[in-house]
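The values are calculated or read from the model by the stated rules, or taken from the named source; none is laboratory data. Computed from a prediction, not measured in an experiment: that's the story for all the values here. Reconstructed Cβ throughout: ideal geometry from the backbone, glycine too, with neighbour counts over all protein chains shown. Heavy atoms of the whole protein, side chains included, go into the accessibility calculation; ligands, DNA and RNA do not. Shrake-Rupley method; radii C 1.70, N 1.55, O 1.52, S 1.80 Å.
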Amino acid sequence: MNRLNFSQLWRYDDVLLHGVLVTLLLTLIATVAGLAIGALCASAAQSRFASLRLAVRAYVEIIRNTPTLIQIFLIFFVLPFAGLRLPPVYAAATALSIYFGAHATEILRSGLASIPRSQLEAGQCLGMTRWEVFRHVILPPALRNVFPSLTSQIVLLFLGTSLASQVSAEELFHAAGFVESRTYRSFEVYAVVCAIYLALVLLMRGAFFAVERLAFRWPTGR
Amino acid sequence: MRGFTPQDVLTILAALRWTLVLVALSLALGAPFALLLALARTARAGASRWIATGFLQIVQGVPVLGLIMFFYFGLPVLTGVQVSALASVTVAFALYTAAFLGEIWRGAIQAIPAAQWEAGACLGLTGWEQFRHVIGPQAFRLALPATVGFLVQLVKNTSLASIVGFVELARAGQIASAATFQPLAAYACVAAVYFAICFPLTLWSRSLEDRLNGAR
């Protein structure tokens, strides 16, 4: 029993593959939805209305200072009381989007704040409209400034999708639990699943690094 | 079935001590290891740098949940030694702390100009004395805001100990939720306790950052 035996795991390759796909899907949904939330909230954070700014601050601080696991539980167990019974994967995707949205808000807000006001004024002096200034003067350097922290946050989000298994969303850790319950090979199962996460994280980091090198290689002037 | 009473709030608050015990143990075991990692990663010797980097990549590339499952369910199957939930989550969180703090501290050490090491060497200080008296104090100042910021991550992540049945804050919330059928009250209460710990730490980290940046 105590000898390593990975062969049994091969019979469950489809279960594990399904887990990987759901994990990737959760990451993708939460990234896209979170970025949309972040873009909205980051612009709301610059609003003239103090109440709107306060609401964004409260959202960001509450989400960033409470555990993601509790956020997932809250969404999954409480929404049914409001008459909304979401399947686990949808509930997890919702919770993770709200979670990533708060981090994205903070990152995008600081990215916009990192562009000196004089740049904005310079754009206006050239007769650009507000949108043109944003599109051509503010956005490109802001994107470059936020890219490293945004991508490392996406990697953390990817690792964080593992929490979705706790509301029985069928991602990789849920698949691991299933295979473990069939084979009793806990060591091999968790070693393999951790290795899969590691491989995917290294791939993601490599891809982000390549994108950074290709997309943001214009001179900084610093 | 019964309502969510003040008694439930007290039970949840009582579980807070186990969250704090976990945080304290992770720091006590992880921080020395983190220092070792930071020094190994900034060292000139090739082998120690590679080993430290490999360890870091693995721990930072695997979910904390994976570390916990591996040490609680995985290792006992191979070794035949069943360990308690506290022991296995402590090991997992100590490794997690070591990796993240080690990386934060490495950054701080490397932010100190190399000339400072050389100046120490010129005074006849040994490598350790250079670190202890010249580099360390300056790096500590630089690393403090991020270190406090990491503390917030650590407090939040100890909630994962609930998954192997260790009764800390999050697990106490699950128990209260199951007993009362009031998940909103139970989890909102748990979230409020976490927030009450983490938010002051976040504010402290931010004020440290402002102060230390202003001083430069």
**Report entry** Leading residue by the ranking (nearest to residue B:93 (Cα to Cα)) among those in region B:103-162 that are among the basic types (Lys, Arg) and more than 14 Å from chain A (Cβ to nearest Cβ)
**Finding:** B:106
Query - Which listed residue is at pLDDT 95 or above, out of contact with any Cys (no Cβ under 7 Å at 6 or more places or on another chain) and not small (Gly, Ala, Ser), from A:112, A:139, A:203, A:143 - result: A:203
Query - Which numbered condition residue B:93 misses (of (1) farther than 22 Å from residue A:161 by Cα; (2) of a type in the set (A, V, I, L, M, F, W, C); (3) open to solvent by less than 70 Å² (accessible area, probe 1.4 Å)) - result: (1)
Report task. Report yes if residue A:100 is open to solvent by 50 Å² or more (accessible area, probe 1.4 Å) and either touching a helix residue (DSSP H, G or I) at 6+ places or on another chain (Cβ under 8 Å) or touching a residue at least 40 places away in the same chain (Cβ under 8 Å) (or both), otherwise no. Result -> no
Query raised in the report: How many residues, within region B:170-216, are more than 22 Å from the chain's Cα centre (by Cα), crowded, with 19+ Cβ neighbours inside 10 Å and without any contact (Cβ under 8 Å) to a residue 12 or more places away in the chain?
Result: 2
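Could you go through region A:29-45 and let me know if any residue there is hydrophobic (A, V, I, L, M, F, W, C) and within 12 Å of another protein chain (Cβ to nearest Cβ).
Pass one, region A:29-45, residues hydrophobic (A, V, I, L, M, F, W, C): A:29-30, A:32-33, A:35-37, A:39-42, A:44-45.
With within 12 Å of another protein chain (Cβ to nearest Cβ) added as a condition, the list becomes none.
Looking for residues that are hydrophobic (A, V, I, L, M, F, W, C) and within 12 Å of another protein chain (Cβ to nearest Cβ), one finds none in region A:29-45, hence no.
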Query raised in the report: Quick one: would you say residue B:20 is open to solvent by 30 Å² or more (accessible area, probe 1.4 Å), within 16 Å of the chain's Cα centre (by Cα), within 30 Å of residue B:182 (Cα to Cα) and among the hydrophobic types (A, V, I, L, M, F, W, C)?
Result: yes
Report task. Might you let me know whether region B:166-182 holds any residue that is touching a Lys or Arg at 6+ places or on another chain (Cβ under 9 Å) and assigned to a helix (DSSP H, G or I)? Result -> yes
Query raised in the report: Considering A:58, A:92, A:82, which residue is surrounded by 19 or more Cβ atoms within 10 Å (Cβ to Cβ) and out of contact with any His (no Cβ under 8 Å at 6 or more places or on another chain)?
Result: A:92
Requested in this report: Taking the options A:192, A:211, A:167, name whichever one is over 19 Å from the mean Cα position of the chain (by Cα) and either at pLDDT 95 or above or more than 7 Å from chain B (Cβ to nearest Cβ) (or both).
Outcome: A:192
Query raised in the report: Among the numbered criteria (1) aromatic (Phe, Trp, Tyr); (2) surrounded by fewer than 22 Cβ atoms within 10 Å (Cβ to Cβ); (3) touching a helix residue (DSSP H, G or I) at 6+ places or on another chain (Cβ under 7 Å), which single criterion is violated by residue A:173?
Result: (2)
**Report entry** Qualifying residues in region A:28-44 (those that are open to solvent by 10 Å² or more (accessible area, probe 1.4 Å) and touching a Ser or Thr at 6+ places or on another chain (Cβ under 8 Å)) - the one nearest to residue A:55 (Cα to Cα)
**Finding:** A:41
Requested in this report: Return a yes/no flag: does region B:47-58 have any residue that is over 30 Å from residue B:213 (Cα atoms), more than 14 Å from chain A (Cβ to nearest Cβ), surrounded by fewer than 18 Cβ atoms within 10 Å (Cβ to Cβ) and aromatic (Phe, Trp, Tyr).
Outcome: yes
Report task. Starting from region B:11-35, keep only residues that are under 24 Å from residue B:105 (Cα atoms), then list their pairs with residues that are open to solvent by 60 Å² or more (accessible area, probe 1.4 Å) whose Cβ atoms are within a distance under 9 Å, requiring at least 6 positions of separation or different chains. Result -> B:29/B:91
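Yes or no, residue by residue, for (1) open to solvent by 40 Å² or more (accessible area, probe 1.4 Å); (2) aliphatic (A, V, I, L, M); (3) modelled with pLDDT of 95 or more; (4) not in a helix (DSSP H, G or I):
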{"site": "B:40", "(1), (2), (3), (4)": "no, yes, no, no"}
{"site": "B:62", "(1), (2), (3), (4)": "no, yes, yes, yes"}
{"site": "B:78", "(1), (2), (3), (4)": "yes, yes, no, no"}
{"site": "B:89", "(1), (2), (3), (4)": "no, yes, yes, no"}
{"site": "B:104", "(1), (2), (3), (4)": "yes, yes, yes, no"}
{"site": "B:118", "(1), (2), (3), (4)": "yes, no, no, no"}
Report task. Kindly provide the set of residues from region B:147-169 that are open to solvent by less than 30 Å² (accessible area, probe 1.4 Å), within 20 Å of residue B:88 (Cβ to Cβ) and of a type in the set (A, V, I, L, M), ordered by number. Result -> B:154, B:155, B:160, B:161, B:164, B:169
